[in-house]
């Protein structure tokens with residue numbers, strides 16, 4: 001019963017917002033060792049059309065967390081992470097179009 005009290009959409013939304021940023025940041029930092037700066041690395045990935053693909057792949061851990069929370073009946077947290085996944089989907093669509 002105590003687990004149900006912590007079932008908030010805002011918790012899922014915050015985790016859903018930060019988790020992809022963490023994965024993209026880690027990948028960019030790892031890849032930026034070949035470039036002069038992190039900004040140059042991001043610009044390079046944008047030029048060759050990889051940035052939106054990297055962001056899309058960073059949503060995979062959130063998807064796993066969504067299904068885990070659904071299994072444990074934390075449906076409000078699952079809604080929060082789904083909401084943020086839709087937000088990132090719009091960002092990916094905008095990056096794909098530019």
Quiz item: Can you find a residue in segment 76-84 that is on the phi > 0 side of the Ramachandran plot, touching a residue at least 60 places away in the same chain (Cβ under 8 Å) and more than 12 Å from the chain's Cα centre (by Cα)?
Solution: no
Quiz item: Could you count how many residues in segment 11-30 are farther than 28 Å from residue 74 by Cα and either surrounded by 16 or more Cβ atoms within 10 Å (Cβ to Cβ) or touching a residue at least 40 places away in the same chain (Cβ under 8 Å) (or both)?
Solution: 2
Self-check item: Single unsatisfied condition, residue 7 versus (1) crowded, with 18+ Cβ neighbours inside 10 Å; (2) part of a helix (DSSP H, G or I)
Solution: (2)
Practice problem: Return only the number of the condition from (1) exposed (fewer than 12 other Cβ atoms within 10 Å of the Cβ); (2) over 19 Å from the mean Cα position of the chain (by Cα); (3) in a loop (DSSP other than H, G, I, E, B) that residue 33 does not satisfy. | Solution: (3)
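A short reminder: the numbers here are calculations on the coordinates, not readings from a lab. Small disclaimer: the values here were computed from a predicted structure and weren't measured. Positions of Cβ are generated from backbone atoms using ideal geometry, with glycine treated the same way; all protein chains shown enter the neighbour counts.
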